Every structure is written in C-alpha cells, then in structure tokens.
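Student: Can you read through this structure? Questions will come right after.
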Amino acid sequence: MEFRNLKLQYEVCKEKIDENINKVLLSGNFIQGDFVKELEAKLASYVGVKHCISCANGTDALTLVMETWGIKEGDAVFVPTFTFFASAETVSYLKATPVFVDVSKDTFNIDLDSLELAINNVIKEGKLKPKAIIAVDLFGQVADYVNIQKIAEKYNLKVLEDGAQALGGMYESKKSCSFGDAATTSFFPAKPLGCYGDGGAIFTNDDKQAALLRSLCVHGKGKFKYDNVRIGVNSRLDEIQAAVLLGKFDQFVDYELDSVNRIAAMYTKVLQDVVKTPVINKGYYSSWAQYCILLESENERNELAERLEKEYNIPTIIYYPKSMHQQTAYENHVNYVAFLNAEEITKKVLALPIDPYKTDEEIEYIITAVKNILS
Ligand SMILES: *Cc1c(COP(=O)(O)O)cnc(C)c1O
C-alpha cells in the first residue's frame with residue numbers, strides 16, 4: 001500500500017494533464033505563460049481573494065510576504081512550534097526572530113493562551129519588536145482566525161496564514177488562504193493540491209502588496225523585465241507545473257476533498273474508541289493533508305508503526321518527530337513559553353495513509369490492523 005497514491009491520481013487525471021503539458025511543450029512558452037495566468041485567476045476566485053501570485057514554492061511564498069511587510073532583524077514573529085520547518089525558517093532567513101508558541105492537542109494548531117503569553121513575555125523583556133503571527137493550518141484544518149485576529153488587533157500584529165497544507169479547507173463558508181492579512185500555500189506533490197515538482201502561491205486582497213510581490217518574484221522588476229527597481233528574487237511557478245495543476249483542479253474541487261473527508265470519517269468512527277483521533281471543530285472542514293492519531297505513549301506509537309509496516313504492509317509517517325524548538329538549527333534559541341502539548345504530540349503522533357483514491361476496503365483493512373495491534 002502507498003501512503004499517498006499519487007500514481008493512481010495521475011491515472012485518473014492523465015488525459016487532461018498530458019494534454020496540458022503537451023500544449024506547453026508545443027507553445028515553447030515555459031515561464032509565466034497562459035496556464036500560469038489561468039491558474040492564478042482560478043485559485044483567486046476559488047479561495048475568494050482578489051489576488052493570487054504564484055511563485056516557486058511555499059517557502060518562498062512565506063518569505064516574500066514577510067519581506068513586503070518589512071519584517072527584519074529585531075522583529076518577533078510568533079510561530080507554532082509544531083509545524084513544518086519552513087514556517088519558522090523563513091522568519092530566521094529574514095534575520096527576524098521566530099518566537100515559538102505551543103499548540104492544541106485537539107487541532108494541532110496554534111494555542112491561543114500560549115500565543116498571548118508569548119506576546120506578553122516578549123513585550124515584558126523589551127528586546128524584540130512584535131510584528132506578526134504565522135498561523136499554520138496544520139494537516140488541513142484552518143486555525144482559529146476569529147480569535148487569532150482579536151489577539152493580532154490587540155497587539156497590532158500582522159497575520160500570515162500558512163495554508164500550505166490546507167487548500168480546500170474551510171471555516172464556515174470561508175476558504176483556507178483567505179484569512180489573515182495575506183496567506184500562502186504550497187503545491188509540493190504531497191499537499192492537498194500538488195504539482196509534479198515545486199510550486200507555491202500567495203493570496204492577498206491588498207493591491208499594493210500584490211504589485212510589490214509580482215515585482216519581488218521577478219528580480220524586483222519595474223515597468224518591464226530589464227527594468228529593475230528593487231532587489232528581488234527569482235521565484236516563479238513553471239508553466240508546466242501550472243498546466244499540471246489545472247489538469248487536476250476540477251477533480252480536486254469536484255470530489256477529492258469529499259473523498260478524503262469520507263475516509264477521515266470512516267477512520268474516526270471506529271478509531272475514536274481506540275486512540276485519540278483528530279478533532280475537527282464545529283464549523284470547520286478539513287482538506288486532510290494528514291490524518292494524525294495520538295497514541296498513549298512513544299513506545300506504543302513506535303510499536304504500532306513498526307507492526308503496521310511489518311505485519312500488514314501499511315506505511316505510516318511521523319508528522320512531526322521534532323517541534324521547532326527541538327530542532328538542532330534552533331538549539332540555542334531563546335524561548336518565551338513552555339511547549340507541553342507539542343512535546344507530547346511529537347512523541348505520540350502517527351499519520352495513517354490517506355488520499356482521495358483509497359478504497360473503503362483499504363481503509364477498513366487499516367482500521368482492522370490498528371485495532372488488532374492495539375487490542
Ligand atoms: C510544505 C509546507 C511549507 C513549504 O512549502 P514548500 O512548497 O515545500 O516550500 C510551508 N509550511 C508548511 C506548514 C508546509 O507544510
């Protein structure tokens with residue numbers, strides 16, 4: 001069994017994807033052509049935001065947004081400690097300081113009490129200037145933006161939604177990547193909407209910021225390509241990747257999201273009596289980038305993973321074995337709060353296979369295997 005079966009998805013979308021890629025090959029137009037424009041328009045309208053600016057990957061997307069806000073050395077950016085490294089790394093890359101915050105054991109998203117405590121502790125210390133919050137929509141569920149926004153307003157902070165794992169997720173009728181002052185996503189192959197290489201996008205309603213981002217992505221261009229008015233980077237989504245994404249987009253919207261939700265519901269219905277299953281709060285709709293359960297202990301988690309693989313040929317992945325504050329890259333980092341939940345999660349978390357093309361029989365097989373091993 002595959003953890004996430006991208007080959008099966010390709011077989012289903014093959015005709016459209018191949019046709020689109022062929023069109024690019026025949027056009028000879030490989031950078032910022034019509035597919036990129038079409039994709040940006042489609043995504044902006046789908047997410048419900050005025051501008052979608054595609055770029056080379058989700059990491060660049062985060063960096064570029066913070067650059068437009070002038071985030072720099074001496075600034076504090078609040079980041080959940082339990083996330084993919086890029087959420088924190090980009091802050092450090094800009095020479096600003098990521099201030100790590102604990103997360104919730106139910107949703108795995110940023111914990112609001114820990115966030116406010118971290119902000120207050122930074123203010124009390126008086127060394128760093130609080131500037132922004134990066135709220136990550138971990139595993140496909142959007143963070144609690146209603147309350148994050150209240151905290152941001154109270155302390156005059158920008159909010160950046162890291163929606164790399166949550167395209168297609170929703171809170172009420174509002175889609176992931178439409179929250180905060182700007183949002184980003186990733187098209188890395190394993191994300192809910194993935195391309196066949198690297199890719200990313202930024203979403204904003206701010207015309208000025210959008211124009212600045214379009215310049216920064218292409219070497220700080222001005223009126224035309226060889227008019228450079230600022231220092232930028234080269235961060236563009238390839239035309240072929242846009243063609244792939246457009247070849248998959250209808251399936252993603254029409255049934256893939258429903259399909260992963262059906263699978264998650266199957267898992268939860270039975271496994272909630274056996275392990276701690278993920279909590280999707282009322283009003284939220286997840287895009288299920290991952291389905292993560294929590295075991296009783298690190299030993300139980302490791303044994304389950306090992307036996308699923310060996311005895312049942314079921315692959316699992318630990319998302320994530322280390323939080324940011326436990327990474328070697330941050331071993332001398334100053335922390336402002338404790339991370340009790342995150343430290344527990346990293347020991348007990350295990351992601352079960354999920355993708356829109358898993359059959360009921362496969363999911364039932366996994367459920368039975370988990371139950372057998374834990375009983
Ligand atoms: C994948 C991911 C990123 C980075 O995206 P890339 O396209 O791989 O650069 C950023 N944040 C989170 C939460 C992610 O999962």
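Student: By its C-alpha gyration tensor, with a ≥ b ≥ c as the square roots of the eigenvalues, how is the stretch 111-257 shaped: rounded for a/c under 1.5, else prolate for a/b larger than b/c, else oblate?
Tutor: Because a/c hits 1.5 or more and a/b fails to exceed b/c, the stretch 111-257 counts as oblate.
Student: Tell me, what ³J(HN,Hα) does each residue in the stretch 131-140 have, in order and in whole Hz, if you take phi through Karplus 6.51 cos²θ - 1.76 cosθ + 1.60 with θ = phi - 60° and put x for Gly and Pro?
Tutor: 10, 7, 10, 9, 9, 9, 8, 6, 6, x
Student: Same structure, new question: Roughly how big is the stretch 85-185's charge dipole about its Cα centre, with Cβ charges of +1 (Lys, Arg) and -1 (Asp, Glu), in debye to the nearest 20?
Tutor: 420
Student: Now for a different question. So what are the ³J(HN,Hα) numbers for the stretch 336-344, from phi and the Karplus equation (6.51, -1.76, 1.60; θ = phi - 60°), rounded to whole Hz, Gly and Pro as x?
Tutor: Once θ is set to phi - 60°, the couplings for the stretch 336-344 become 10, 9, 8, 10, 4, 5, 4, 5, 6 Hz.
Student: How big is the stretch 74-165 by Rg and Dmax over its Cα atoms, in Å?
Tutor: 12.0, 35
Student: Output ³J(HN,Hα) for the stretch 152-161: one whole-Hz value per residue in order, computed from phi by the Karplus curve 6.51 cos²θ - 1.76 cosθ + 1.60 with θ = phi - 60°, and x for Gly and Pro.
Tutor: 4, 5, 4, 10, 6, 10, 7, 10, 10, 7
Student: Further, regarding this structure: Jot down the radius of gyration and Dmax of the chain, Cα atoms only, both in angstrom.
Tutor: Here Rg and the maximum Cα pair distance are 20.7, 67 Å.
Student: Cut-off under 27 Å on the C-alpha distance; same-chain residues fewer than 8 positions from Lys310 excluded. Which lysines are left, in chain and number order?
Tutor: Lys7, Lys191, Lys269, Lys276, Lys322, Lys347, Lys348, Lys358, Lys371
Student: Top mean-square fluctuation among Lys150, Lys174, Lys42, Gaussian network model of the chain, C-alpha springs under 10 Å?
Tutor: Of the options given, Lys150 has the highest mean-square fluctuation.
Student: Now a separate question. What net charge is computed for the residues neighbouring Ala118, neighbours being all others with C-beta under 15 Å from the C-beta of Ala118, Lys and Arg scored +1, Asp and Glu -1?
Tutor: -1
Student: Nearest 5 is fine: what % of DSSP beta bridges in the chain come out antiparallel, could you say?
Tutor: Roughly 60 percent of the beta bridges in the chain run antiparallel, per DSSP.
Student: How big is the gap, in Å, between the Cα center of the stretch 222-277 and the Cα center of the stretch 85-159?
Tutor: One Cα centre to the other: 23 Å.
Student: Can you bin every Cα-Cα distance in the stretch 266-353 into 5 Å intervals starting at zero and give me the percent of pairs per bin, rounded to whole numbers?
Tutor: 3, 12, 19, 22, 18, 13, 8, 4, 1
All of the numbers you see were taken from the coordinates with simple rules; none came from a lab. Model, not experiment: these values are computed from the prediction. Glycine gets a Cβ as well: all are built from the backbone with ideal geometry, and neighbour counts include every protein chain shown.
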